[in-house]
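Inspection log for the structure reproduced underneath, given as structure tokens.
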Amino acid sequence: MTARHALATARLDLVPAEPTHAELTWKHLDDERMWEFFPALRPPTIEALRQRYERWMYEIPYLGAIERWENWIGIRRQDGVVVGEAQATYAGTTVYIAYGIFPPFRRRGLAREAMETVLEHARDAHGARRAIAEMAAGNVASAAVARSLSFTQIATRRDLDPGLGYRGETFVYRRSLEAPADPVSGGDANSSASR
């Protein structure tokens, strides 16, 4: 099942992706720089992008343990400009995250800001206890975002599914979403003992 929660960060509104967003995102998603690492995922037309967003609303693309997923369009609140996309895919107590900031808006901390909010939402609304992010080894900026969010690299995979248009190494990062222990009581910061 797909979940539909709008989120807000200090500068962004993360709104559930819908087919009507294709008109706003197409010029950025038609930019080859967005697909440097996974070119086979590039939508060939605006209509294909519209259909992708339609599927995101109602279908889960994977088989197996995936239970639900969420896809957002990032909109800068100050001027309504679309700046990127974010995704959370849930399997049990694990959330797999993905993010893409459109080239004109990169290097402004927007990916970190958006994903920090997505991770909090995954923990608080869906009970996620750990997060996984996987990226092409050459995607230095994405790895830097993951590390800035306290992710730790746990694995290197080789020869990722060629259906993604990428063959090579990918790095797998993990982060715990467990509430930190309260240093005063020694318990969970959200437990009744520490309130």
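Read-outs throughout are calculated quantities, based only on the coordinates presented, and are distinct from any laboratory measurement. Computed from a predicted model, the values in this text were never measured in an experiment. Note that each Cβ is placed from the backbone with ideal geometry, even for glycine, and that neighbours are counted across all protein chains shown.
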What is the list of residues in region 77-103 whose amide nitrogen lies under 19 Å from a point 7 angstrom out from the Cα of ARG42, following Cα to Cβ? 84-85, 99-103
Label zone at LEU24, where the point sits 7 Å out along the Cα-to-Cβ direction: region 71-108 residues whose backbone N lies under 14 Å: 71-86, 102
Given contacts defined as C-alpha pairs under 8 Å and at least six residues apart, what's the relative contact order of region 11-141, whole-number percent? 24
If r is the Cβ-Cβ distance from ASP79 to ASP124 and R0 is 41 Å, what FRET efficiency results, to the nearest 0.05? 0.90
Within the set of other residues whose C-beta is less than 15 Å from the C-beta of LEU110, count the net charge using Lys and Arg as +1 and Asp and Glu as -1. +2
Ranking ASP79, ASP124 by Cβ neighbours within 10 Å, fewest first, what do you get? ASP79, ASP124
Mean projected area (nm²) from the convex hull of Cα positions in region 78-161 is 6.6
Can you sort MET135, MET57, MET115 by how many other beta carbons sit within 10 Å, fewest first? MET57, MET135, MET115
